[in-house]
Amino acid sequence: MSQKINIAFYGKIKNGADIEVVKQNLMRITGKDSNTIDAMFTGKEVILRKDVDRQAAEKFKAAFEKTGAICNIQSVDQEDDLAKLTMETSSTRQQEEEPPPIPMESCPNCGFEQHFDTECRRCGIVFQKFNQKDEGKKPAKAAPEPLSEKMQEAVAKAKTIGQLSAMQNRRRYNLRRIFKLTRIGLLVSILIGVAAYSHFTQSRIAGWKETLDVVIYPINGDQTPKTEAYIDMMNVEQFAGVETFMSAEGASYGLPIERPVAVHFAQRIMELPPEPPVTKSSLAAIWWSLQMRYWAYRHDTYEDSSDIRIYVIYKALNDKQPKMELSVGLRKALIGIVNSSPDENSDRYTNIVIVHELLHTLGASDKYDYGSLSPVYPEGYADPDQDPLYPQYRGEIMAVRIPTSKSDFSMPAGLNDLVIGEKTCLEIQWCKKDDNQKDNQGDP
């Protein structure tokens with residue numbers, strides 16, 4: 001029958017080990033919370049495993065001591081009062097000072113020096129049986145002398161130092177937790193504040209009871225003298241077509257306000273905005289949106305208030321024609337980014353893209369196929385009920401292209417060739433869908 005063994009822990013750690021690191025390691029391998037682990041370092045005996053065989057005990061001891069802590073293997077009926085007394089008087093002090101070395105003892109038979117165990121690793125005698133055999137031969141041990149007054153004062157001082165050290169370690173750990181929770185709370189507060197502001201602004205805009213102020217911010221995207229000279233010659237009249245288009249389309253839907261938007265022109269911005277994320281990750285999009293809001297806050301060159309901000313980045317384009325795929329409209333942030341060319345011939349296309357991204361900020365969705373760029377039927381058609389259907393003579397602003405056949409399209413010459421379709425009208429809340437109204441369905 002194999003001998004049963006207990007594995008005990010007295011709060012000891014290896015020389016040079018950091019007690020906080022050891023505690024973190026123990027929390028990880030045991031799954032216990034910090035309070036439970038702290039209670040193991042009081043110096044009192046903690047039984048980690050009970051009534052196990054030697055092979056299992058050695059395996060557990062090796063795994064446990066990888067954390068930096070030190071455990072002892074004991075036989076079930078062995079009482080290690082001396083070890084307990086030593087731990088109670090010195091365990092608190094070892095957290096402040098260097099941990100004490102692991103105790104060694106000599107085999108009473110062969111004298112071999114080894115760590116505390118139940119049997120000799122050289123001659124194999126079992127210490128308990130050997131001691132019982134020679135118990136009658138050995139003289140009785142004298143009772144230990146009482147500690148002197150100075151020694152008692154030293155022990156009390158060591159306990160006090162240990163307790164203060166434990167309190168300091170716990171205070172540092174609590175401060176780290178407080179700082180971490182503070183950072184998380186600050187981030188959550190910012191997100192809640194942004195969401196509340198966006199909801200309030202969107203609710204106000206959706207009412208269409210007052211004119212929205214749209215501000216155009218020019219940016220020299222390629223930092224060339226040609227682009228700089230072009231921006232110097234710009235004025236708000238170049239964007240008058242945006243106001244005219246929105247007013248005409250609003251009137252066609254019976255919008256009660258005559259001037260839905262008022263376009264303003266701000267001073268140029270010298271720094272480019274943050275690049276949109278390459279991946280489609282929602283977290284990346286949220287982070288970029290927050291960066292964009294902060295960048296827009298720091299680079300606001302318009303002195304009065306604004307509802308929607310459109311940043312037009314002027315840089316040389318190969319075909320001098322802005323593309324919707326290179327531009328962005330953020331609904332909740334009410335920010336649009338348009339890429340354009342510093343050329344007078346591109347002004348009419350720039351206004352098309354500005355209106356397209358402006359409507360994105362108001363809730364409108366794209367109505368063209370992202371693969372082929374062809375308008376989607378019927379919501380991407382200006383006249384989906386036209387007979388014959390092709391060619392269309394106007395385009396839907398959120399599809400931009402004008403269908404000339406089922407698989408082909410042409411580009412509009414300007415905003416006069418485009419309209420706001422019924423679905424876009426519903427999305428920007430210019431009109432409401434009747435209960436009996438049904439969307440056109442089917443393929444042309």
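The values are calculated or read from the model by the stated rules, or taken from the named source; none is laboratory data. Quantities reported herein were computed from a predicted structural model and do not represent experimental measurements. Cβ sites come from the backbone with ideal geometry, for glycine too, and all protein chains shown count toward neighbours. When the accessible area is computed, the model is the full protein with side chains, heavy atoms only, and any ligands, DNA or RNA have been set aside. Shrake-Rupley method; radii C 1.70, N 1.55, O 1.52, S 1.80 Å.
Some values worked out for this structure:
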quantity: Distance between the stretch 334-374 and the stretch 404-427 - C-alpha centres, whole angstrom; calculated: 12
quantity: Cα-based shape type of the stretch 227-316, given that a ≥ b ≥ c are square roots of the gyration tensor eigenvalues and the cut on a/c is 1.5; calculated: oblate
quantity: Rg/Rh ratio calculated on Cα atoms of the stretch 312-416 (Kirkwood radius); calculated: 0.98
quantity: Global geometry of the stretch 252-369, whether rounded, prolate or oblate, following the gyration tensor of its Cα atoms and the 1.5 cut on a/c; calculated: rounded
quantity: For peptides 3-13, 55-65, 176-186, sequence by mean Cβ density within 10 Å, most packed first; calculated: 3-13, 55-65, 176-186
quantity: Centre separation in Å (Cα based) which lies between the stretch 42-68 and the stretch 215-264; calculated: 76
quantity: Spatially near lysine pairs across the stretch 310-428, Cα under 19 Å, sequence gap of 8 or more or different chains; calculated: 4
quantity: Probe 1.4 Å, accessible area per residue of the stretch 259-360, Å²; calculated: 51
quantity: Under 15 Å, Cβ to Cβ, from Pro273 - net charge with Lys/Arg +1 and Asp/Glu -1; calculated: 0
quantity: Three-way shape label, the stretch 2-76, alpha-carbon gyration tensor, a/c 1.5; calculated: prolate
